[in-house]
Structures are given as structure tokens and as C-alpha cells.
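The block underneath contains the structure these notes are about, expressed in C-alpha cells.
No value in this document is a laboratory result; all are computed from the given coordinates. Fair warning: this is a prediction, and the values are worked out from it, not measured in the lab. Using ideal geometry, Cβ is built from the backbone for each residue, glycine included, and neighbour counts are taken over all protein chains shown.
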Amino acid sequence: MTDARQHTNRTPIQVIAHRGASDDAPEHTLAAYRKAIEDGADALECDVRLTADGHLVCVHDRRVNRTSNGRGAVSTLELSALAALDFGSWKDREESPDWDPAPGELTSVLTLERLLELVAETRAAGRPLQLAIETKHPTRWAGQVEERLLHLLKRFGLHDPPADAPSPVSIMSFSARSLHRVQASAPTLPTVYLMQFVTPRLRDGRLPAGARIAGPGMRIVRSHPGYIDRLHAAGHRVHVWTVNEPEDVELCVRLGVGAIITNRPKQVLSQLGRL
Ligand code: G3P
Ligand code: CA
């Protein structure tokens, strides 16, 4: 097997912390994102959903049942109801022995606004941290998710990054329509089209309108490595999710992908010889 470190002289692979350092701390909490920053991640990944009263919060599932002590769909709950829940105590202490349950803001529901503040604070301190935001089930909301998202990014001055520097923010989605909406309003924001399968339409390496970067799942990379070459040949950067095993990191390095999205940023950075 090739040593992943041999490849670090080429453009470095970006390491993106999936839902924060989510192996070590409860996903999508401030605790998980702070840990990812401490671990040295280049970027953070988060999923966003709209609450019943129109706030964007960082929650993966449609319901809060798995990751909090509450029940119900995010879309039916107001932010004040979500703020009363604990998003930390579900985390398995046996699987994550370093996790020290921390009540309060560290394990409260995380708004996208608060996460953007964290990114802004980190960047102001001189570290070029980036944020990859995934719109979840945006079709149901007929454009509202993207509208709120772009409004928020505008407030932070992040909606129109200059073309000659890496954008602090990128937008990802399994929905081509969502990316198209984003691109129509904010054409310079990088957009990542997430894929679970290589459908016949995608086979030639071209992406749907509105998508600039390809985001295949690790399963695609393992079963169709030639497809990654095709995406590169079509001129796309490739960001792969969710890459947690050393042999998968190795394969991504060999294929020259642009970014690895992982629950274990520290382990991946160490394998890449960056720690
Ligand atoms: O980064 C993309 C990846 O997060 C997509 O899958 O289900 O973890 O949001 P999921
Ligand atoms: Ca995601």
C-alpha cells in the first residue's frame, strides 16, 4: 500500500470535520466543532434544517429523537423548544471515552448563526477555517432554506467570495435544485453535488447545472474508482464523504481527491503526515 505521506507535496487534501469531530463528541454541537478546530481540521461540515419559526439549525435527522433527549420533527418545533433540549447526553461514553458530558451551550442545539460566529472568530484569529453547509430536504421548503441561508451568509459577508481566494463557505446538497437556487443568487459560492449512486445521467462525469464540485460517497469511490478519474477529467474537484478508515484515506489520496470529509479529523490529519 502507498504511504499517504508521499502525496503531501501535491496540493494538500483538505480535511473536513463531518458534523464536527463527531466520533469524539456529539455531532453538530459546539463541543464537536471546537474539538475539530483543536484537532486541526481545515473545514467543518454541518447539515441545516429550518425550525417551525424559520431558524436554521444544525441537525442531521428529520427528527431530534436520536441526538437529543426530546422528540419530534425539527420542522414542527420552534427554536425555543429546541433550546430546552440536551443534544449531548445520547453520546455513548464507551465508544467515545474522551467525551466529557458538558451541559450548557456546548451541547445545546446549534444554530447556523452561532456556527458562523465560531468560524468568523477562528478566521479573525488568523486561521483560514472553512465551513461546508449541507441543505437537508430543501425541496420540501420550496426555496426557503436557501433564502434564509443566503440571507445569513450576506449578514456575515460570506455570500459573494472573490474568485481569486478560497471561499470561506461552500454549499452542499443531494438536491441539484437546491444548488441551482444557490448559484442563481450567489454565483461565486462553491457548490458541491452529493451523490450516493452514479446514476446513468452522471456516468460521463458531468454534474447537474448549478453544481461545481463533485461529492461522491466513499462507497462510490471504492466500487468505481475510475469514476473519480472521469470527474477529474471533466474538470471537477472531488470531495468524498464519509472517510473514516485508513485504507479509504489511502485510496482517496491515490486518486488525488480534493477533500476528505471525516468523523475523525485528527486520525486523518495524522495519517496524512500533518500532525
Ligand atoms: O458531507 C456529506 C455527507 O454529510 C452526506 O451524508 O447523511 O452524513 O449528511 P450525511
Ligand atoms: Ca451532511
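So what is the 222 nm mean residue ellipticity for the chain from helices alone, if each DSSP H run of at least 4 adds -39500 (n - 2.57) and you divide by all residues, rounding to the nearest 500 deg cm²/dmol?
Rounded to the nearest 500, the figure is -8500 deg cm²/dmol.
Quick one: divide the alpha-carbon radius of gyration of region 170-260 by 2.2 N^0.38 Å and tell me what you get.
Relative to the rule-of-thumb radius for its length, region 170-260 sits at 1.03.
Compute the Cα gyration tensor for the chain, then decide on rounded, prolate or oblate, letting a ≥ b ≥ c be the square roots of its eigenvalues: rounded whenever a/c is under 1.5, prolate when a/b is larger than b/c in the other cases, and oblate in all that remain.
Here the chain falls in the oblate category.
Compute all pairwise cysteine Cβ distances in the chain, then list the cysteines with no distance under 4.7 Å to another cysteine.
CYS252
Tell me, in nm to one decimal, what length is gained between ALA102 and ALA184 on full extension, where the rule is 0.36 nm per residue of separation less the Cα-Cα distance?
So the chain would gain 25.4 nm between ALA102 and ALA184.
Might you report the magnitude of the Cβ-based charge dipole of the chain about its Cα centre, with Lys and Arg at +1 and Asp and Glu at -1, to the nearest 20 debye?
I would put it at about 960 debye.
Once you place label points 7 Å from the Cα toward the Cβ at HIS151 and ALA163, how far apart are they in nm?
3.0 nm
Which percentage, to the nearest 5, of the DSSP beta bridges contained in the chain is antiparallel?
If I count the DSSP bridges inside the chain, around 10 percent turn out antiparallel.
How far apart, in nm, are two points set 7 Å out from the Cα along the Cα-to-Cβ line at GLU247 and at SER270?
Spacing of the two 7 Å Cα→Cβ label points: 2.0 nm.
Post the alpha-carbon centroid distance, region 208-275 to region 10-54, in whole angstrom.
17 Å
Points 7 angstrom from Cα along the Cβ direction at ARG219 and ALA234: gap in nanometres?
Computed distance between label sites ARG219 and ALA234 equals 2.0 nm.
Can you tell me how region 38-130 classifies by the Cα gyration tensor, rounded, prolate or oblate, using a/c under 1.5 as the rounded cut?
Oblate, because a/c is 1.5 or more while a/b does not exceed b/c.
Please list 18-27, 56-65, 244-253 highest first by mean number of surrounding beta-carbon atoms within 10 Å per residue.
Ranked from most to least packed, the peptides come out as 18-27, 56-65, 244-253.
Specify the residue with the greatest mean-square fluctuation among GLY258, GLY217, GLY72, computed from a Gaussian network of the chain linking alpha-carbon atoms under 10 Å apart.
So, out of GLY258, GLY217, GLY72, the one fluctuating most is GLY72.
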